[in-house]
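The values are calculated or read from the model by the stated rules, or taken from the named source; none is laboratory data. Just so we're clear, the structure is a prediction, and the values are computed from it rather than from any experiment. When we count neighbours, we look across all protein chains shown, and the Cβ atoms used for this are built from the backbone with ideal geometry, even at glycine. The area values use the complete protein model at the heavy-atom level, side chains included, leaving out ligands, DNA and RNA. Shrake-Rupley method; radii C 1.70, N 1.55, O 1.52, S 1.80 Å.
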Amino acid sequence: MVTTPQTIVISGYYGYKNSGDEAVLQSILTALEEQSKALGLNLQPVVLSIDPEWTKLTYGVQAVHRMKLGEVRQAIKSSSGLISGGGSLLQDVTSPKTIPYYLGIIKLAQWMGKPTFIYSQGVGPVSRGLFHSMIKLVFKKCTYISVRDHESAELLQKMGLRGKSIDVVPDPVMGLHPKEQHKPLNEVTNGHGNMDLPVIGISVRYWEKERTELLKIVEGLQMVMQKQPVHLRFLPFHLPSDVEASQYMIDQLGDVSSTGSRISLCSDAVHPQDMLWEISQCQLVIGMRLHSLIYAANARIPMIGISYDPKINHFLERLGLQPVGDTSSLAPSALSSEIARVLFHEEDWRKVHATQIDQLKQEAQVPAQRIVEYIFKGDYK
């Protein structure tokens, strides 16, 4: 039995075409749709986006401009509740404006008497004490809270949410479904692919000012290619900055044809499921971006993480893994050795981590299930 339509507003870092955050949105939308159908609930999402038209076309849902207060207020007023998440919304590393914005959206919904749901957020780092008390005050009035790692839950408890129930769940992208593709890799890569070469997916970003970490990755890859020809497939997650970081590394690597290796740059995987498919075609993923590693786990592809933020370590720990190094102290020889160790042992890697991955995939559905159940009961009470 399908109920009358219920709208749910979703707040996050959407419309910026950051592959990781767009994947979070796609994952949330998919999970909400699946859980709603299971209960016969007609749930219609409205996304707060910096580019509403693009979001509408990409996901087939309603969207309003996240910076136009009148549109945001009207969307919340007409809704059955607000979801805030997922991703690293509540941190003050990138900007001191981030936390006030996302808390302000939640508080606006609470002022309107709407239930508010925190969906698998990564909380922290939060260096400003004022933000601790702000997060505590807003989260105390949330209907449901879930975070993507134990460290986020512990930080919330230190802020004063000790008596509040907090679910620790995986990043929503662990529940993302791959899109069916029919092109072989060599066609998708515009002639750069070679099915005889092992494909190493590489997701990098700018971090150290001197780009020393990228140069060390280049050196490690050069060591690998001296022993084994490979196809280095660069996978930018944040546009355009990751494209620039990838191209910087490609320029540093230079002509690798003498080693029998190839290099290509993925430039057209805009939709999250397209990037997930790209990842699934790799034999190994080397990732600085968190979601490159989450995509790899989702597709059961062996991974090597390079840490620039504790969130990388936290995710790898859930799979029983550690980063090969961090951006300030990465050793090229360690990277080269780890690539050699992992590259040709895909099935062994999958067997070792199968149980952990299956559990993360199952747990990724929990927030959507809890939220849909709440709205469903509210519809019939």
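A compact table of results
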read-out: Alpha-carbon centroid distance for the pair segment 20-42 / segment 126-181, whole angstrom; value: 19 Å
read-out: Cα-based shape type of segment 192-323, given that a ≥ b ≥ c are square roots of the gyration tensor eigenvalues and the cut on a/c is 1.5; value: rounded
read-out: Solvent-accessible ranking of Ser264, Ser333, largest area first, probe 1.4 Å; value: Ser333, Ser264
read-out: Packing rank of 304-313, 22-31, 265-274, where each peptide gets the mean count of other beta carbons within 10 Å, highest leading; value: 22-31, 304-313, 265-274
read-out: Spin-label pair Ala38/Trp111, simplified geometry with 7 Å Cα→Cβ offset, distance in nm; value: 3.6 nm
read-out: Amide hydrogen neighbours beyond the local backbone of Ile263, cut-off 5 Å, H modeled; value: Leu232
read-out: 1.4 Å probe accessible area per residue over segment 4-76, in Å²; value: 39 Å²
read-out: On Cα atoms only, tilt of 241-253 relative to the major axis of the chain in degrees; value: 10 degrees
read-out: At 1.306 mPa s and 10 °C, Stokes diffusion of segment 17-126 via Kirkwood alpha-carbon radius, µm² per second; value: 108 µm²/s
read-out: Efficiency of FRET from Cβ geometry, Ser257 and Asn313, R₀ 25 Å, rounded to 0.05; value: 0.10
read-out: Near-label residues of segment 284-299 by backbone N, under 19 Å of a point 7 Å along Cα→Cβ of Asp358; value: 297-299
read-out: Three-way shape call for the chain based on the alpha-carbon gyration tensor, with the a/c threshold at 1.5; value: prolate
read-out: Sum of -39500 (n - 2.57) over DSSP H runs of 4+, divided by residues of the chain (222 nm, nearest 500); value: -14500 deg cm²/dmol
read-out: ³J(HN,Hα), Karplus 6.51/-1.76/1.60, whole Hz, each residue of segment 255-268, x for Gly, Pro; value: 7, 9, 4, 5, 8, x, 8, 9, 10, 9, 10, 7, 10, 10
read-out: Cα centroid separation, segment 237-284 to segment 77-108 (Å); value: 32 Å
read-out: Charge sum, other residues only, whose C-beta stays under 12 Å from Gly129's C-beta, Lys/Arg counted +1 and Asp/Glu -1; value: +2
read-out: Built amide H within the under 5 Å cut-off of Val47, gap 5+; value: Ile10, Gln62, Ala63, Val64
read-out: Potential lengthening between Tyr101 and Ser127 on full extension [0.36 nm per residue; Cα-Cα distance subtracted]; value: 7.7 nm
read-out: Cα gyration tensor category, rounded, prolate or oblate, for segment 8-50 with a/c compared to 1.5; value: oblate
read-out: Length released on extending from Gln228 to Lys68, taking residue separation times 0.36 nm less the Cα-Cα span; value: 52.3 nm
read-out: Heavy-atom accessible surface of the chain: percent carbon and sulfur, 1.4 Å; value: 51 percent
read-out: Positive-end residue, the chain charge dipole about Cα centroid, Cβ charges, pick of Ser127, Phe376, Ser36; value: Phe376
read-out: Within-13-Å neighbourhood charge of Ile357 [Cβ basis; K, R +1; D, E -1]; value: +2
read-out: Chain lengthening between Leu215 and Ala334 when straightened (0.36 nm per residue, less Cα-Cα); value: 41.4 nm
read-out: Distant-in-sequence amide H partners of Asp326 (H built 1.01 Å from N, under 5 Å); value: Ser307
